[in-house]
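Asks: My questions will all concern the structure given below.
The values are calculated or read from the model by the stated rules, or taken from the named source; none is laboratory data. The structure displayed is predicted, hence computed values, not measured ones. When we count neighbours, we look across all protein chains shown, and the Cβ atoms used for this are built from the backbone with ideal geometry, even at glycine. SASA here: full protein model, heavy atoms, side chains in, ligands and nucleic acids out. Shrake-Rupley method; radii C 1.70, N 1.55, O 1.52, S 1.80 Å.
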Amino acid sequence: MKIAIVGTSGAVGQEFLRVLAERDFPIEELVLFGSARSAGSTYEFCDKQYTVKELKHNDDFKGIDIAFVSAGGSVSVEFAETITKHGTIMIDNSSAFRMDKDVPLVVPEVNGEDAKVRPKGIIANPNCSTIQMVVAMNVIEKISHIKRAHVATYQAASGAGAAGMEELINQFKQIAYNTDITVEKFAYQLAYNLIPQIDVFTDNGYTKEELKMYNETRKIMHSDIEVSATCIRVPVLRSHAEAIWVETERPVSPQEAKDAFAKAEGVVLQDNPAEKEYPMPLFVAGNDPVYVGRIREDIANPNGLTFWVVADQIKKGAALNAVQIAEYLIKEKAI
Ligand SMILES: NC(=O)c1ccc[n+]([C@@H]2O[C@H](COP(=O)([O-])OP(=O)(O)OC[C@H]3O[C@@H](n4cnc5c(N)ncnc54)[C@H](OP(=O)(O)O)[C@@H]3O)[C@@H](O)[C@H]2O)c1
């Protein structure tokens, strides 16, 4: 495969380099892109040095099979035509095309086959908090249809990119040295705090991030499910956590759910409260799967089940999911 990464210097771009190497992805040629800021800088991939090229409107993507794009929504919109015009498949990490009816929105464990129909040559990678939620909820959906879900998210600083992670680290240092605290990337100091806002507010009082979880889940799962989310930024460096309450058509027992999670693709069941075993972001960071624990009946709803889901949102929530889409296309000979 001839592969391009757009947004190489970023949190997701760097993860692409690690994931592609880790999975021994079949790469014949690799081209790295960035803005003028990182053009000319070099990155190592499989013992070879690669220089970042500036992304421009030209024919640089001619001959590239797949472009993994993670440079923000406006870059994706501006460069989609340039990237796809010679037949390159663009796997886009931004939210720009996710709800476009001509762009499949894909989580391979849930709806891999949707990636085969892509009229615009673009496949969208869902929002990071949606990806881990649907991987887990799809397991329950196969037992009994989920009518609605409530979710509270606990989202890591790195969800706001490399600069978000750096800001949190600096704030803890600044507190330790009793110096002024820098607040740029987040609305408030995040160290020792929680911020109940991710993305901007909309007219109904939900943030855009919360509405992404509603809309994207329905598209990926091909479902009429209703999702009510509250998304919180927490002072964790990496890996999002979610408390999820689902209401199914018929009651699903915790044991039935545990048996299904234990067998599910891409899921690790970590649920042994007696031994204090449950997933936590600190220990999940850097791992591939979606971890599920704290599975129990919802005592406030006879058809309810509640559980706790943790996944590395830069990995499964972004780079890994995109690479798995590419692997699926190769396996299905759908490139
Ligand atoms: N972080 C996450 O957990 C996560 C999860 C899922 C999806 N995403 C999505 O992935 C995308 C990237 O996120 P990130 O967290 O990696 O952000 P980031 O760390 O801020 O990195 C942004 C990247 O975009 C590049 N870029 C910006 N403007 C560009 C331009 N005009 N042309 C070419 N490259 C340009 C930057 O390159 P330069 O350094 O050269 O400017 C940098 O490599 C966003 O759409 C984000 O919503 C992020």
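Asks: What are the pairs with Cβ atoms under 8 angstrom where one residue, in region 156-180, is assigned by TED's automatic domain parsing to the domain that holds Pro235 and away from the ligand (no atom under 16 Å from the Cβ) and the other, located anywhere, is outside any helix (DSSP H, G or I) and open to solvent by 80 Å² or more (accessible area, probe 1.4 Å)? Sequence gap at least six, or different chains.
Replies: Partner pairs satisfying both residue conditions: Gln174/Asp180; Ile175/Tyr192.
Asks: Enumerate the pairs (first residue in region 119-134 and near the ligand (Cβ under 9 Å from one of its atoms); second residue anywhere and in a loop (DSSP other than H, G, I, E, B)) with beta-carbon separation below 6 Å, excluding pairs fewer than 6 apart on the same chain, so at least 6 apart or on different chains.
Replies: Correct list of pairs: Asn125/Asn93; Cys128/Gln313; Ile131/Val107.
Asks: Please pick out the residue among Thr230, Thr248, Thr207, Thr217 that is polar (S, T, N, Q), within 16 Å of the ligand (Cβ to nearest atom), in the same structural domain as Asn170 (by TED's automatic domain parsing) and under 29 Å from Glu297 (Cβ atoms). Can you show your working first?
Replies: Numbers: Thr230 fails: within 16 Å of the ligand (Cβ to nearest atom); Thr248 fails: within 16 Å of the ligand (Cβ to nearest atom); Thr207 fails: under 29 Å from Glu297 (Cβ atoms).
Residue meeting the stated conditions: Thr217.
A quick yes/no check of all residues on (1) near the ligand (Cβ under 8 Å from one of its atoms); (2) more than 23 Å from Ile330 (Cα to Cα); (3) in a loop (DSSP other than H, G, I, E, B):
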| site | (1), (2), (3) |
| --- | --- |
| Gly40 | no, yes, yes |
| Gln49 | no, yes, no |
| Asp60 | no, no, yes |
| Phe68 | no, no, no |
| Phe79 | yes, yes, no |
| Ile83 | no, no, no |
| His86 | no, no, yes |
| Phe97 | no, no, yes |
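Asks: Determine which member of the set Phe61, Phe68, Phe79 is more than 24 Å from the chain's Cα centre (by Cα), open to solvent by less than 70 Å² (accessible area, probe 1.4 Å) and in contact (Cβ under 8 Å) with a residue 40 or more places away in the chain. Show your work before the answer.
Replies: Numbers: Phe68 fails: more than 24 Å from the chain's Cα centre (by Cα); Phe79 fails: more than 24 Å from the chain's Cα centre (by Cα).
None of the others qualify; the one that does is Phe61.
Asks: At least 2 residues that are over 21 Å from Val292 (Cβ atoms) and open to solvent by 10 Å² or more (accessible area, probe 1.4 Å) in each: list the helices (runs of 4 or more DSSP H) lying fully within region 111-225 that qualify. Spell out how you get there, then give the answer.
Replies: Working: elements: 128-141, 162-176, 208-221.
Helices (runs of 4 or more DSSP H) meeting the threshold: 162-176, 208-221.
Asks: Tell me, which helices (runs of 4 or more DSSP H) wholly within region 226-335 include 3 or more residues that are open to solvent by less than 30 Å² (accessible area, probe 1.4 Å)? Before you say what the answer is, go through the steps one by one.
Replies: Values: elements: 254-263, 281-284, 320-331.
Filter on region 226-335 gives 254-263, 320-331.
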